[in-house]
1. Please specify each residue of the range 337-390 satisfying the condition of being within 30 Å of Gln218 (Cβ to Cβ) and touching a His at 6+ places or on another chain (Cβ under 7 Å).
2. With respect to Gly467, determine if the residue is buried (at least 23 other Cβ atoms within 10 Å of the Cβ), assigned by TED's automatic domain parsing to the domain that holds Gly14, in a loop (DSSP other than H, G, I, E, B) and modelled with pLDDT of 95 or more.
3. Out of (1) hydroxyl-bearing (Ser, Thr, Tyr); (2) surrounded by fewer than 18 Cβ atoms within 10 Å (Cβ to Cβ); (3) closer than 30 Å to Gly433 by Cα, what's the single condition that is false for Tyr315?
4. Quick one: is Phe378 at pLDDT below 95 and more than 20 Å from the chain's Cα centre (by Cα)?
5. When the range 173-190 is examined, which residues are found to be among the acidic types (Asp, Glu) and crowded, with 23+ Cβ neighbours inside 10 Å?
6. Checking the structure you have, find out if any residue of the range 474-491 is within 16 Å of the ligand (Cβ to nearest atom), under 16 Å from the mean Cα position of the chain (by Cα), in a loop (DSSP other than H, G, I, E, B) and of a type in the set (A, V, I, L, M).
7. Quickly run through the range 386-435 and pick out the residues that are outside any helix (DSSP H, G or I) and in contact with a strand residue (DSSP E or B) (Cβ under 9 Å, 6 or more places away or on another chain).
Amino acid sequence: MKKFDVLIIGSGMGGLVCGDILSREGYSVCLVEKNKQFGGCLQIYARDKVTFDSGVHYLGGLEKGQNLYQIFKYLGLMDKLKLERMDEVFDRVLMDDDERIYGIAQGYGNFIQRLMIDFPEEEEAIRKYCDTMKSICDRFPMYRLRMEGGASEKIEVMSISAKRFIEQITQNEKLRAVLAGNNMLYVGVGEETPLYVHALIVNSYMESAWRCVNGGAQITKALTANIHAAGGVLIRNKEVLKLLVEDGLVKYALLEDGVRLEAASFVSDIPPAKTFRMAEPPLIRPVTRKRLEAMENTVSSFIINIVFKKDCYPYVKHNYYYHKRGSVWNMAGYNEGEWPLGYALYMAPSSRTREFADGMTIFAYMRYEEVQPWASSFNTVAAHEDRGADYASFKKRKAEQLLDKVEEKFPGLRKCIKTYYTSTPLSYRDYIGNEDGNLYGTRKDYQDPLAALQSAKTKVPNLYLTGQSLNLHGILGTAISGLISAAAVMGRNDFIEKIRNA
Ligand SMILES: Cc1cc2nc3c(=O)[nH]c(=O)nc-3n(C[C@H](O)[C@H](O)[C@H](O)COP(=O)(O)OP(=O)(O)OC[C@H]3O[C@@H](n4cnc5c(N)ncnc54)[C@H](O)[C@@H]3O)c2cc1C
């Protein structure tokens with residue numbers, strides 16, 4: 001069999017972008033995906049003819065000249081994607097003891113104006129918040145698609161806590177809660193979440209907020225087509241079981257059917273601990289492996305996908321984030337009886353969506369320990385295993401509990417439900433291949449900011465990492481990680497200039 005220049009393990013956003021760039025630059029690329037569908041969190045699924053996303057509910061930075069726009073433009077996606085711009089006030093924050101709906105708006109000017117309606121006394125704090133967001137983002141060269149610059153610029157701002165920063169700029173409890181109100185986007189936890197994570201994620205939506213009409217799998221379709229057109233080989237439905245090592249270098253990827261694929265370099269879009277566990281013989285010292293294995297992950301989720309009755313529930317171009325007062329930074333720390341302490345509510349847009357919604361996704365945190373009793377089962381469309389009646393009743397109970405909570409703020413929603421489907425941490429574990437169904441990879445802590453930052457280069461000269469474990473999660477974060485990994489493989493980053501000018 002042919003020897004490839006680069007073999008990519010996993011077809012999430014990071015793997016796809018890395019593969020696309022490398023194949024455009026003349027590298028022979030082979031991408032191997034364990035699932036039937038390429039895309040990882042970009043996968044979609046249809047229920048009663050309604051398309052639901054597994055991990056792309058909205059995107060930021062897609063206005064001309066903004067970072068994701070430039071990347072997508074360069075990769076030829078902007079003409080192919082069906083996008084919908086969200087309302088100016090794209091995220092709306094709700095609290096249990098407050099009838100008001102607080103708005104987070106696109107465009108810094110709009111953002112300030114909108115918050116000033118609810119917090120007229122807080123102009124100084126709001127402006128300070130905005131200036132800080134922008135200046136933090138400026139310190140991350142690849143976020144601004146800059147070729148020059150490096151780690152030293154960002155290190156300084158990586159050890160600031162998001163919660164502490166917000167508490168510092170304002171004494172107003174409500175404003176504090178609103179500024180953190182969409183923190184399910186990055187799993188804001190207590191004091192530990194660094195401000196830079198908050199800034200890079202939230203800034204992107206504040207620049208501009210968009211939905212993928214008909215789902216995020218359009219991105220996968222376009223990127224896989226690009227790789228294929230450039231001569232790349234795409235293999236799906238085959239898990240990479242082992243990375244076979246010779247003389248300190250990875251030589252082959254061993255697939256589940258026994259096929260060995262040889263490449264000069266390997267890029268892994270799967271978690272680093274799992275990547276190194278696949279190496280045979282081991283590539284890293286037991287102490288390093290232990291450190292990787294011990295890294296804590298972000299919490300997982302419980303999701304309800306609702307199919308609405310025809311022409312019943314109004315379609316809106318914004319999202320809602322709810323939290324119980326006092327718990328915005330601790331929604332994953334719930335007790336059984338008080339769950340959920342927060343939820344997010346996203347519409348599922350399709351090209352036939354007009355006045356009424358076809359579907360909606362409700363998303364709340366769920367810790368993996370809750371599904372531990374069924375952890376030994378494995379269930380995907382391709383490899384179906386029934387997890388049993390008690391699992392079905394657990395899901396039903398949780399769904400009803402979550403719907404009751406949502407109905408408090410959205411009375412009448414239940415009446416419009418035709419049917420609903422649920423997913424748990426086990427669904428994400430089995431479909432994405434991470435071990436605990438975690439949302440966004442490893443947890444980041446402002447007190448030890450470098451611990452969770454993986455470099456694209458590993459100690460093994462021909463093994464590279466990409467995807468959300470690298471620096472930042474999200475479609476933007478992983479697209480950037482794909483660029484970083486491609487640059488690491490090639491030993492040059494001149495293509496960034498082309499992206500800037502696309
Ligand atoms: C519920 C949820 C909602 C989200 N909402 C948004 C959103 O609205 N906007 C946004 O920007 N981001 C969102 N995200 C985050 C975003 O989707 C992810 O950060 C991003 O897609 C992860 O990309 P990745 O490159 O790390 O790869 P992943 O998506 O993690 O994909 C990894 C791939 O590797 C494959 N794989 C694993 N092991 C093997 C193996 N041994 N052999 C072969 N293949 C293997 C998996 O099957 C998978 O396809 C959301 C995530 C979740 C979970």
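1. Of the residues in the range 337-390, the ones within 30 Å of Gln218 (Cβ to Cβ) are 342-366, 378-384.
Across the range 337-390, the qualifying residues are Gly342, Tyr346, Thr361.
2. yes
3. (3)
4. On the way: at pLDDT below 95: yes; more than 20 Å from the chain's Cα centre (by Cα): yes.
So Phe378 fits the description; yes.
5. Of everything in the range 173-190, nothing turns out to be among the acidic types (Asp, Glu) and crowded, with 23+ Cβ neighbours inside 10 Å.
6. Checking the range 474-491: not a single residue is within 16 Å of the ligand (Cβ to nearest atom), under 16 Å from the mean Cα position of the chain (by Cα), in a loop (DSSP other than H, G, I, E, B) and of a type in the set (A, V, I, L, M).
7. Of everything in the range 386-435, those that are outside any helix (DSSP H, G or I) and in contact with a strand residue (DSSP E or B) (Cβ under 9 Å, 6 or more places away or on another chain) turn out to be Phe410, Leu413, Ile417, Lys418, Thr419, Tyr420, Tyr421, Thr422, Ser423, Thr424, Asn434, Glu435.
Residues checked against (1) outside any helix (DSSP H, G or I); (2) over 21 Å from Cys212 (Cα atoms):
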site	(1), (2)
Pro340	yes, yes
Ala344	yes, no
Met347	yes, no
Thr353	yes, no
Thr361	yes, no
Ala364	yes, yes
Val371	no, yes
Phe378	yes, yes
His384	yes, yes
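The values are calculated or read from the model by the stated rules, or taken from the named source; none is laboratory data. Small disclaimer: the values here were computed from a predicted structure and weren't measured. When we count neighbours, we look across all protein chains shown, and the Cβ atoms used for this are built from the backbone with ideal geometry, even at glycine.
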